[in-house]
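The values are calculated or read from the model by the stated rules, or taken from the named source; none is laboratory data. From a predicted model like this one, the values you see are computed outputs, not experimental measurements. As a convention, Cβ positions derive from the backbone with ideal geometry for all residues, glycine included, and neighbour counts pool all protein chains shown.
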Amino acid sequence: MPERGEPGPTGRPAEGAPAREPFEGAEGPAAAQAAARALEANVGRVIRGKPEVIRWAVVALLARGHVLIEDVPGVGKTTLAQALARSLGLAFQRIQFTSDLLPSDIIGVSIFNQRGQEFEFVPGPLFANVVLADEINRATPKTQSALLEAMSERKVSVERKRYQLPRPFVVLATQNPLEYHGTFPLPESQLDRFLMSLRIGYPPRHEERELLLSGGVEEVLEELQPVLDRDTLLGLQRAVDRVRVADKLADYLLALADATRSGGDFLLGVSTRAVQNLYRASQALALVEGRAFAVPDDVQRLAPAVLAHRVVLKRVGGDLTASREAIARLVGEVPVPV
């Protein structure tokens, strides 16, 4: 029997239980859903025929998470990052990762000011709200580690000093799954910092035809206007923390994690950070869909995107697609709480 005020088996509050609404005003579920829809529609003007990809990107943004996009060139990875930044009126920086890129190239450097006779820190491109790390696996491990600190702590270290990155701060990193020469595969510790891994894929044929005949989306992208502002986004991120997650749903998350750690298809299971990320992403998805509580369907829909890049399969040569399929099978096998 659900506790008073908690959602029942259908996701609605139990019969006879007083509804508890932990939100106020613009941060309430209805307002959050309207804001998310406006953001998705604006981004959808340039990312055609990919509503789920856009929604997952918005969910990651509200959950304060970073996104890894693994796909072939030319399907809209850069456009997605730019459209999100423009739709929110946020500072955007694109960093083209190469083998000769140094940590100081992305973090910044201290330069001696002769007039003031002291060193001044000059921030690098990492000091933006939305950072596109293009072809991240082409950078050396040293540069990847510098990005890792920024993603994990929202701070960077330069000459024994710590500098806070702007809020909000999200990294959208891309890599080409077909190229291996001259690349440095991301270690598990770096992959674990990404809340989600996504693939955009090719657009539906009718959308691609319309895109072809219209001459592309460059002009539309340039004309995109903000539909939300920074303060509204930060308020929505705070509201995610107040989305209710029933104890049984938390146990379901842990059961999924345990299933990846107990053998089967998996050589390496998910970390505790992965469970926390799935928990928070489920809260964000519930808020985006206008609910003040998460349900098992949120977890099931998000599990492949949140967990697949964190596991290692026993099968040699297993890629992200194989990992997604393994997680999807796992979701179908673990009993759902009622």
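Within segment 290-308, restricting attention to residues that are at negative phi and over 17 Å from the mean Cα position of the chain (by Cα), the residue that is surrounded by the most Cβ atoms within 10 Å (Cβ to Cβ) is Ala294.
The strands (runs of 3 or more DSSP E) falling completely within segment 109-204 that include 2 or more residues that are in the same structural domain as Ala83 (by TED's automatic domain parsing) map to 130-134, 155-158, 161-164, 170-175, 194-198. Tell me, yes or no, whether segment 246-261 has at least one residue that is assigned to a loop (DSSP other than H, G, I, E, B) and either of a type outside the set (Lys, Arg) or crowded, with 21+ Cβ neighbours inside 10 Å (or both). Yes, segment 246-261 contains a residue that is assigned to a loop (DSSP other than H, G, I, E, B) and either of a type outside the set (Lys, Arg) or crowded, with 21+ Cβ neighbours inside 10 Å (or both). Looking only at residues of segment 309-325 that are among the small types (Gly, Ala, Ser) and surrounded by fewer than 22 Cβ atoms within 10 Å (Cβ to Cβ), we find that the one that is farthest from Ser282 (Cα to Cα) is Gly317. Scanning segment 279-321 for residues that are of a type in the set (A, V, I, L, M, F, W, C) and farther than 27 Å from Gly263 by Cβ yields Ala284, Leu285, Ala286, Leu287, Val288, Ala292, Phe293, Ala294, Val295. Selection within segment 1-60: residues that are in a loop (DSSP other than H, G, I, E, B) and at pLDDT 90 or above. The member of this set that is nearest to Leu236 (Cα to Cα) is Gly44. Only residues that are surrounded by 11 or more Cβ atoms within 10 Å (Cβ to Cβ) and in contact (Cβ under 8 Å) with a residue 24 or more places away in the chain were counted across segment 209-237, and they come to 17. The residue pairs whose first member lies in segment 286-298 and is closer than 18 Å to Glu52 by Cα, whose second member is β-branched (Val, Ile, Thr) and not in a loop (DSSP other than H, G, I, E, B), and whose beta carbons are closer than 9 Å, counting only pairs six or more residues apart or on different chains, are Ala286/Val240; Leu287/Val59; Leu287/Val240; Val288/Val58; Val288/Val59. Looking across segment 148-166 at every residue that is at positive phi and in contact with a strand residue (DSSP E or B) (Cβ under 8 Å, 6 or more places away or on another chain), the one that is surrounded by the most Cβ atoms within 10 Å (Cβ to Cβ) is identified as Arg154.
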